[in-house]
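K.L.:
Below you will find the structure I want to go over with you.
The values are calculated or read from the model by the stated rules, or taken from the named source; none is laboratory data. A quick note: this is a predicted structure, and the numbers were derived from the prediction, not measured. Reconstructed Cβ throughout: ideal geometry from the backbone, glycine too, with neighbour counts over all protein chains shown. Calculation scope for accessible area: heavy atoms of the full protein, side chains included, ligands and nucleic acids excluded. Shrake-Rupley method; radii C 1.70, N 1.55, O 1.52, S 1.80 Å.
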Amino acid sequence: MPQRPQQTKRRTAFIADTTALIVFFTITGIINERILAGMTWEQVFHARLLGAVLMFPVARPYGIWRDWVMKRASASRLSKLLWDSAALVSFQVPVYAAIIAVSGASGSGLIKGTLGAALMMLFLGRPYGAFLNAVRKLFGLPPGGDKPMSLNN
């Protein structure tokens, strides 16, 4: 019987992390792709569709990665900001670069889009971390990174 609640918790964590990632980064992705990368609306649409598809398998692993990285943060706001940003940049920038490359960005557009995403993620690391924690709370889950979590969560 103990297996059932653990499976439910994993499923809930998957849904919460996926919801947070899709909502937050669909909005910020559109801004980056249209303004910084100079992609057409058609390319942005394809990038967001591909991004949403890729977020399903990536969201929970990122949540686990972030929780692991955030265990290094102290209680100070600056430490949380720095570690949240490091977690987001190190995990999501390579994924994002692949998404916009497959969606048609190339050459300087690909470089600008990837650098723009890296810069955005440096600034968005903590806001996204707080948003993720809020979404997790809505789903009845504890925030990540504050307490030791195993890879099975």
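K.L.:
Going by the structure shown, is ARG10 open to solvent by 30 Å² or more (accessible area, probe 1.4 Å) and either in contact with a Cys (Cβ under 9 Å, 6 or more places away or on another chain) or part of a helix (DSSP H, G or I) (or both)?
P.N.:
Considered against the rule, which asks whether it is open to solvent by 30 Å² or more (accessible area, probe 1.4 Å) and either in contact with a Cys (Cβ under 9 Å, 6 or more places away or on another chain) or part of a helix (DSSP H, G or I) (or both), ARG10 comes out as yes.
K.L.:
Hey, can you tell me all the residues within the stretch 96-119 that are assigned to a helix (DSSP H, G or I) and open to solvent by 40 Å² or more (accessible area, probe 1.4 Å)?
P.N.:
Passing the criteria: ALA98, ALA101, VAL102, GLY107, SER108, LEU110, ILE111, LYS112, LEU115, LEU119.
K.L.:
Right, here's the next one. Looking at the stretch 23-57, which of its residues are among the aliphatic types (A, V, I, L, M), crowded, with 18+ Cβ neighbours inside 10 Å and part of a helix (DSSP H, G or I)?
P.N.:
VAL44, ALA47, MET55
K.L.:
Do we have ASP146 as modelled with pLDDT of 85 or more, among the acidic types (Asp, Glu) and either surrounded by fewer than 18 Cβ atoms within 10 Å (Cβ to Cβ) or closer than 20 Å to THR19 by Cα (or both) here?
P.N.:
When the stated conditions are applied, ASP146 does not pass them.
K.L.:
Can you list residue pairs whose Cβ atoms sit under 8 Å apart, with the first residue in the stretch 86-100 being over 11 Å from LEU115 (Cα atoms) and the second being outside any helix (DSSP H, G or I)? Count only pairs 6 or more apart in sequence or on different chains.
P.N.:
Within 8 Å, the pairs are ILE100/ALA37; ILE100/MET39.
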